[in-house]
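Peer 1: Structure incoming, see below.
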Amino acid sequence: MSRTSDGGNGEPPGPGGRPDDEQAAFSALLEDSAEDLYEHAPCGYLSTLLDGTIAKINMTLLDWLGYAHDELVGRKSFSDLLTVGGRLYHETHFGPLLRMQGEVRGVALELKAADGRRLPVLVTSTVKTGGDGQPLLIRTTVFDARDRRAYETELLRAREQAERERAELQRLNAVLQQTLLPPALVSVPGLEVAAHYHIASTDMVGGDFYDLFPLAAGTWGLFLGDVCGKGAAAAAITSLARYTLRAAAVYDPDPAAVLRNLNTVLNHEYNGDDPRFCTVIFGLLTPDAEGGGFRVTLASGGHPPALLLRADGSADYLPTPGGQLVGVLPDAHIATTTICLAAGDTLLLYTDGLTEAHTASNSEDERYGDEALLDFAQALAPTTAPGAVAAIRDLLDTFGTGVDDDTAVLAISVPVHTGDDHD
């Protein structure tokens, strides 16, 4: 069986094995004159003398500018076609660079058309030299940049709009964040209190929260927690957790009972495909009439252990092992411990944004960690609640952008009364 060779589209081949339509196009290219290619190129061409006088210009550029050939050739210089700003740039930068380097590529300028329109262009110029190496003339290629300018303008407009929207989002986030924190900590007779909230990113609302509030006569409740996640969903859990904790503490101030109530609420509300949970530490403060300090009972639901900085200069974590995340299981285990705060003692609660921060000086990008925090506390003790919080703020500042999660800090301390204070 014989085969019939064709061009791949079923048409009989033309001369040279090409289909007729391809051959016709190929022939047209061969017959295209160099002059026609120059005059009607998809970009503008012009040649100028060394003083800038236009010696040759193609039809493409003439059509863009709306000039006749005789209006420009031998009558105007290239700089005459530029806007005032473009002419200044050409004289102070473009021209000197061209003389030094012999070539300047892709410079954005604006040409002035015959009717006053501005034409944004990209210009490339080269110096043609003779056999003796002396410059003879300047050849310039001009690309129409109107579409590019329109794209850049739209891109700039979209960017400015995005920046305005981001600023508004950051403002709303800041307002929302403030509503999730107490405007001021209550004053507790016989205690110093201090707190700080470090925002890792203004683009997202964090899920850390704290509070200190009065309960029955002579007792106060405090809590500090961290909701899993960020954004609006975390803010909703934060708000629910704060108000549930306060309401539960009024109903039954036992710290373990308070956290069990919160666990029940979260487990019932968010036990579907997208479960939500948090870590919380809740404390009940009661004045110690005999010792002169405070009795503190803490309950922890999966939260990092509190730090106790003693008046004698020692510091250690309080044991609350085994406490489970609040909201995950129907019957979460809650760990409790009781301590007595004496004069000069400070209790420090914090969220894990502190211990999980990246240390800027660590090349291996390790986290700050529990051991480093304990060393920091031992070097800091003895201190006061304001002193401890101020020290933690300074510590967070040293991490810079290494703090990638919000951090809440709450501290209470029993002041040391001196003879001068009594007087």
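Peer 1: Can you tell me the FRET efficiency between residue 286 and residue 374 if r is taken as the Cβ-Cβ distance and R0 is 41 Å, rounded to the nearest 0.05? Show your work: numbers first, answer last.
Peer 2: Working: r = 27 Å, r/R0 = 0.66.
Given R0 = 41 Å and the Cβ-Cβ separation, E is 0.90.
Peer 1: Would you mind getting the accessible area per residue of the range 107-226, heavy atoms of the protein chains only, 1.4 Å probe, in Å²? Write out the running numbers ahead of the final one.
Peer 2: On the way: 6570 Å² over 120 residues.
Value returned for the range 107-226: 55 Å² of accessible area per residue.
Peer 1: Suppose every K and R has +1 on its Cβ and every D and E has -1 on its Cβ; what is the size of the dipole of the range 73-193 about the Cα centre, in Debye to the nearest 20? Each step should come with its number before you reach the end.
Peer 2: Details: 18 positive and 15 negative charges, 124 e Å.
Charge dipole, the range 73-193, about its Cα centre: 600 debye, nearest 20.
Peer 1: A follow-up question, please. Eight or more residues apart or on different chains, and alpha-carbon atoms under 26 Å: count the Lys pairs in the chain matching that.
Peer 2: Details: 56/76; 56/112; 56/128; 76/112; 76/128; 112/128.
Close lysine pairs found across the chain: 6.
Peer 1: With charges set only on the Cβ (+1 for Lys and Arg, -1 for Asp and Glu), what does the dipole of the chain come to about its Cα centre, in debye to the nearest 20?
Peer 2: On the way: 30 positive and 60 negative charges, 224 e Å.
Using Cβ point charges on Lys, Arg, Asp and Glu, the chain gives about 1080 debye.
Peer 1: So, one more: So, with a 1.4 angstrom probe, what is the percent of accessible area on the range 295-423 that is carbon and sulfur?
Peer 2: Numbers: 2900 of 5840 Å².
Heavy-atom surface of the range 295-423 belonging to carbon and sulfur, 1.4 Å probe: 50 percent.
Peer 1: How do the peptides 123-130, 385-392, 110-117 rank, highest first, by the average count of neighbouring beta carbon atoms within 10 Å per residue? List each step's numbers first, then the result.
Peer 2: Working: 123-130: 15.4, 385-392: 20.2, 110-117: 13.6.
By packing density, highest mean first, the sequence is 385-392, 123-130, 110-117.
Peer 1: Rounded if a/c is under 1.5, else prolate if a/b beats b/c, else oblate: with a ≥ b ≥ c from the C-alpha gyration tensor eigenvalues square-rooted, which is the chain?
Peer 2: Working: a/c = 3.91, a/b = 2.58, b/c = 1.52.
Prolate, because a/c is 1.5 or more and a/b exceeds b/c.
Peer 1: I've got another one for you. Give me the distance in nm between label points sitting 7 Å out from Cα along the Cα-to-Cβ direction at residue 157 and residue 69, one decimal.
Peer 2: Rounded to a tenth, the inter-label distance reads 4.0 nm.
The values are calculated or read from the model by the stated rules, or taken from the named source; none is laboratory data. Since the structure is predicted, the reported quantities are computational estimates derived from the model, not experimental observations. Cβ: placed from backbone, ideal geometry, glycine included. Neighbour counts: every protein chain shown. Only protein heavy atoms, including side chains, enter the accessible area calculation; ligands, DNA and RNA are left aside. Shrake-Rupley method; radii C 1.70, N 1.55, O 1.52, S 1.80 Å.
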